[in-house]
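Data first, discussion second: the structure below is written as structure tokens.
The values are calculated or read from the model by the stated rules, or taken from the named source; none is laboratory data. Nothing here was measured: the structure is a model prediction, and the numbers come from that model. Cβ sites come from the backbone with ideal geometry, for glycine too, and all protein chains shown count toward neighbours. We work out accessible area using only protein heavy atoms, side chains counted, and drop any ligands, DNA or RNA first. Shrake-Rupley method; radii C 1.70, N 1.55, O 1.52, S 1.80 Å.
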Amino acid sequence: MDRKKLFIPGPVDVADDVLAAMSHHMISHRVPECAELQGRCAEKMQKLMFTKNPIIFSTSSGTGLMESSIRSCTKKRAVVFSVGAFGNRWFEIAQGNNVPADKHEVEWGTPNTPELVDQYLSTGKYDVIALTHNETSTGIMNPVYEIAEVMKKYPDVVWLVDAVSSLGGAKIEADKLGIDILISSSQKALGVPPGLAVCSVSDKAIERARTVENRGYYFDLVQLYKYAVDKPHQYPSTPSVSHLFALDVSLDHIFKEGLDNVFKRHEDNMRFVRQWAAKHFELFIKDEKIASRTVTTIKNTKEADLGALSKELKKRGYIFSNGYGKMKGVSFRVAHMAERTQADIKEYLETIEDILGL
Ligand SMILES: *Cc1c(COP(=O)(O)O)cnc(C)c1O
């Protein structure tokens, strides 16, 4: 089949041996080999998340564990801080599950600040906060290290972080930051096909969840935890064993390259795209400190016909990413995560230059 290079922020291109791992013959999900596989993936995940907390997998995309965590951990009321479409998703999930929640959405392109978090939590109204680490709709990265300082003042609040589009591309140290549930998904910087989600779970989070009623069934955090941690390394229903085979290989790639090298490669990719964008267009996120390491949003200041650009790129073997939601047409995005190299990106950007006559 015709293979195109994906420059969208997920799904991403998957390495051949990771894809091949998915065609491993099937094994029972109740045999020791499967528990060993899940245990191996969990152990590597702990390293990637810089945590000692147990790891839970879910056969769903990342949204499944967002639902699991906010529904299972909110006893009183959750506050959602949003910097874009995926922040808003946290709130929609809460509403859809009858979880009491408030949302504070800032202007797209600006971050959530520690002061804002402090302002909400000091009311004492909330026992959960949900935040996006890397907002894929706009390409902003929230200052979680600064926010973590404020979180220390609120040891009873459970902190949920969506790192779906950053884990594996940017350093995020769950334990140092005090993140209770750190969530990611297979198809972004982890370089695996879509269909598997993962999170770390702190003692505080699971103890809270045990006191919450109506946690749902498929995404009940307590049930997922019981199988993953107490059994251990099992899954309440039938997991996508194929995804675990793939993740095992993909995580090996990451550790073989070395975490620092992987993070540096993503940062170099980001700088390369940002330089190109600043030369030909304009950056949506001006401050590099809060710029996403995995996806860059570029303002379409040349008013290029992005629909036509996308069609022409497809003919030449690339999948283009328009702006997200309300930013479609007026901006576009370049994903630079997972196995992406600077050479791939250069080739892609030069093709755009050629098409638009830049
Ligand atoms: C892609 C994405 C999601 C949604 O993840 P799914 O795996 O598609 O459910 C959530 N948050 C962010 C930041 C994302 O980039």
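If you go through region 130-146 and keep only what is within 16 Å of the ligand (Cβ to nearest atom) and within 19 Å of residue 176 (Cα to Cα), you end up with 130, 131, 132, 133, 134, 141, 142, 143, 144.
So which residues in region 72-97 are away from the ligand (no atom under 12 Å from the Cβ), part of a helix (DSSP H, G or I) and surrounded by fewer than 24 Cβ atoms within 10 Å (Cβ to Cβ), if there are any at all?
91, 95, 96
Answer with yes or no whether residue 62 is at pLDDT 95 or above and within 15 Å of residue 235 (Cβ to Cβ). So residue 62 does not fit the description; no. Annotation: of all residues in region 160-186 being more than 21 Å from residue 129 (Cα to Cα) and surrounded by 24 or more Cβ atoms within 10 Å (Cβ to Cβ), the one that is nearest to the ligand (Cβ to nearest atom) is 186. Report whether or not residue 319 is closer than 14 Å to residue 7 by Cα and open to solvent by less than 20 Å² (accessible area, probe 1.4 Å). Judged against the criteria, residue 319 is not a match. Residues that are open to solvent by less than 100 Å² (accessible area, probe 1.4 Å), assigned to a helix (DSSP H, G or I) and either out of contact with any His (no Cβ under 8 Å at 6 or more places or on another chain) or not assigned by TED's automatic domain parsing to the domain that holds residue 178 (or both) within region 38-54 comprise 41, 44, 45, 46, 48, 49, listed in sequence order. Scanning region 4-37 for residues that are surrounded by fewer than 16 Cβ atoms within 10 Å (Cβ to Cβ) and either within 16 Å of the ligand (Cβ to nearest atom) or assigned to a loop (DSSP other than H, G, I, E, B) (or both) gives 4, 23, 24, 25, 26, 27, 28, 30, 31.
Looking across region 130-178, the residues that are of a type in the set (Lys, Arg) and outside any helix (DSSP H, G or I) come down to 152, 153, 171. Per the listing 74, 132, the residue uniquely closer than 19 Å to residue 49 by Cβ and polar (S, T, N, Q) is 132. Among the residues of region 99-115, those identified as free of Cβ contacts under 8 Å to residues at least 60 places away in the same chain and of a type outside the set (D, E, K, R) are 99, 100, 101, 104, 106, 110, 112, 113, 114.
Selection over region 111-129 of residues that are part of a loop (DSSP other than H, G, I, E, B) and away from the ligand (no atom under 16 Å from the Cβ) gives a count of 7.
One line per residue, one yes/no per condition, for (1) open to solvent by less than 30 Å² (accessible area, probe 1.4 Å); (2) farther than 14 Å from residue 42 by Cα:
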residue	(1), (2)
223	no, yes
227	no, no
235	yes, no
238	no, yes
241	yes, no
248	yes, no
253	no, yes
258	yes, yes
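For region 323-358, the tally of residues that are within 22 Å of residue 190 (Cα to Cα) and among the hydroxyl-bearing types (Ser, Thr, Tyr) stands at 3. Put simply, of 94, 35 the only residue that is in contact with a Pro (Cβ under 8 Å, 6 or more places away or on another chain), in the same structural domain as residue 155 (by TED's automatic domain parsing) and more than 30 Å from residue 330 (Cβ to Cβ) is 35.
Table: residues versus (1) closer than 16 Å to residue 5 by Cβ; (2) modelled with pLDDT of 95 or more; (3) more than 26 Å from the chain's Cα centre (by Cα).
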{"site": "279", "(1), (2), (3)": "no, yes, yes"}
{"site": "309", "(1), (2), (3)": "yes, yes, yes"}
{"site": "335", "(1), (2), (3)": "yes, yes, no"}
{"site": "340", "(1), (2), (3)": "yes, yes, no"}
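Right, residue 122: open to solvent by less than 10 Å² (accessible area, probe 1.4 Å) and either closer than 22 Å to residue 322 by Cβ or out of contact with any helix residue (DSSP H, G or I) (no Cβ under 9 Å at 6 or more places or on another chain) (or both) or not?
no
Here 14, 31, 80, 99 are screened, and the one residue that is among the hydrophobic types (A, V, I, L, M, F, W, C), closer than 25 Å to residue 127 by Cα and out of contact with any His (no Cβ under 9 Å at 6 or more places or on another chain) is 99.
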